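Beneath this line is the structure, given in structure tokens, with notes to follow.
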């Protein structure tokens, strides 16, 4: 098993290209199941979760190759099951449920796994599919779904769900009639999936708003699309510039997807300049402590909470960070405290008192974004930080150690 080693205290300087968004690429890959033939996805990141989805599609009979672009041929799907062995490590595997039951009228999908950041049930997916005429049963840890034909329905989500919105939107493209999704997720990744489905011949309006309208079509055809930039990767590197007091330019990104984060970073003393599809972040003065409350898009992203907390550990006052999305997303707190952070938990909030410095120590990653927060803290800490269990990190950051080393970080991967 690998670990990351970091010798901190260096102000990062240089340019980092932002990779394609994992959370957009995964549903796009699942969407290929809706139309037989050859699909092409550009700018797909090379990540552990992407390889898992490739393996899952391959298990079903798709031919998925990841070269300069990713090509997926879904002309010979012969298995409508997503087995536990593949699904257990990645919650996004559940995204094949909607496309399979919509096109083939049947699916058997293991209940999903992924990061241990709280209960993320798929009951909202299943409830919506039932409203569309799907018979759902739970058998030995699997969701079995069957339908004679899906029909349109007016579905109101009890709470905002990104994967639920994507799953039902995909399912609705081949249903009879019109489906309306209310209280839908507004994330850029949802918009990207809708654009791809429309290129395949779907009729979807309202993606990016709280109400999405899908008019079902008899069939869809294969298409190609580029994966949008990863806004969370970009946000992580913006925070890296801030916490190290360096200057980083991020290329190939989408600044318009980062408004809430940029607002908070600027308030924290990080200067951010926008130039088309690039961002330059720098800091010369103190880090100003800021309160943050996570919220569904366009609010402050839960996937940046841990990284922003790392930045606040060196703030000039007290910040209160409230987690409104997941109930168990403060597991990085104990590890940050090992590096010298002053943090107290109070229910779903963390009180962070800024300190003068962090000191390197052995720490353990507990989930994907917690891993990133430890990398940021290690970059700023004096001495050496060793981060174990970085397989979490490999699920969502493409060659993070190489990108950071290229801008001056002393960071490397080694066997534990």
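The values are calculated or read from the model by the stated rules, or taken from the named source; none is laboratory data. Remember, it's a predicted structure, so these values are computed and weren't measured experimentally. Cβ placement follows ideal geometry from the backbone for every residue including glycine, while neighbour counts extend to all protein chains displayed.
For this structure, a couple of remarks:
- Within region 388-408, the residues that satisfy the criterion of being crowded, with 24+ Cβ neighbours inside 10 Å and either free of Cβ contacts under 8 Å to residues at least 12 places away in the same chain or more than 15 Å from the chain's Cα centre (by Cα) (or both) are 400, 404.
- Of all the residues in region 305-337, those that are crowded, with 18+ Cβ neighbours inside 10 Å and touching a strand residue (DSSP E or B) at 6+ places or on another chain (Cβ under 8 Å) number 14.
- Single unsatisfied condition, residue 349 versus (1) under 20 Å from residue 301 (Cβ atoms); (2) surrounded by 19 or more Cβ atoms within 10 Å (Cβ to Cβ): (2)
- Check on residue 397, touching a helix residue (DSSP H, G or I) at 6+ places or on another chain (Cβ under 9 Å), within 28 Å of residue 91 (Cα to Cα) and at pLDDT below 95: no
- Residue in region 3-23 that is crowded, with 19+ Cβ neighbours inside 10 Å, within 29 Å of residue 237 (Cα to Cα) and out of contact with any strand residue (DSSP E or B) (no Cβ under 8 Å at 6 or more places or on another chain) present: yes
- Checking region 206-214 against the condition returns a match, with at least one residue being touching a residue at least 60 places away in the same chain (Cβ under 8 Å), assigned by TED's automatic domain parsing to the domain that holds residue 42, in a strand (DSSP E or B) and more than 23 Å from the chain's Cα centre (by Cα).
- Taken over region 301-347, the residue count meeting the criterion of being part of a helix (DSSP H, G or I), within 24 Å of residue 234 (Cα to Cα) and without any contact (Cβ under 8 Å) to a residue 24 or more places away in the chain is 0.
- Restricting attention to region 122-161, the residues being part of a strand (DSSP E or B), at pLDDT 95 or above and crowded, with 20+ Cβ neighbours inside 10 Å number 2.
- Residue 119 vs. criteria crowded, with 23+ Cβ neighbours inside 10 Å, at pLDDT below 95, under 24 Å from the mean Cα position of the chain (by Cα) and farther than 16 Å from residue 220 by Cα: no
- So residue 327, is it in the same structural domain as residue 245 (by TED's automatic domain parsing) and at pLDDT below 95: yes
- Residue among 101, 96 that alone is in contact (Cβ under 8 Å) with a residue 60 or more places away in the chain, crowded, with 21+ Cβ neighbours inside 10 Å and over 21 Å from the mean Cα position of the chain (by Cα): 101
- Residue 265 being closer than 28 Å to residue 42 by Cα, assigned by TED's automatic domain parsing to the domain that holds residue 392, touching a strand residue (DSSP E or B) at 6+ places or on another chain (Cβ under 7 Å) and buried (at least 21 other Cβ atoms within 10 Å of the Cβ): no
- Count of residues meeting criterion [within 22 Å of residue 295 (Cβ to Cβ) and in contact with a helix residue (DSSP H, G or I) (Cβ under 8 Å, 6 or more places away or on another chain)] in region 325-366: 10
- Residue within region 381-394 that is modelled with pLDDT under 95, in the same structural domain as residue 264 (by TED's automatic domain parsing), within 30 Å of residue 26 (Cα to Cα) and not in a loop (DSSP other than H, G, I, E, B) present: yes
- Residue, modelled with the lowest pLDDT, within region 277-294, restricted to residues that are more than 18 Å from residue 233 (Cα to Cα) and out of contact with any strand residue (DSSP E or B) (no Cβ under 6 Å at 6 or more places or on another chain): 284
- When the criteria are applied in full, residue 286 fails the requirement of being assigned by TED's automatic domain parsing to the domain that holds residue 264, farther than 18 Å from residue 249 by Cα and assigned to a helix (DSSP H, G or I).
- Number of the exception - residue 239 against (1) assigned to a helix (DSSP H, G or I); (2) touching a residue at least 40 places away in the same chain (Cβ under 8 Å); (3) in contact with a strand residue (DSSP E or B) (Cβ under 6 Å, 6 or more places away or on another chain): (3)
- Filter pass, residue 41 being crowded, with 23+ Cβ neighbours inside 10 Å, touching a helix residue (DSSP H, G or I) at 6+ places or on another chain (Cβ under 8 Å), within 24 Å of residue 255 (Cα to Cα) and not assigned by TED's automatic domain parsing to the domain that holds residue 234: yes
- Checking each residue in region 91-116 for being within 15 Å of residue 49 (Cβ to Cβ) and modelled with pLDDT of 95 or more picks out 95, 96.
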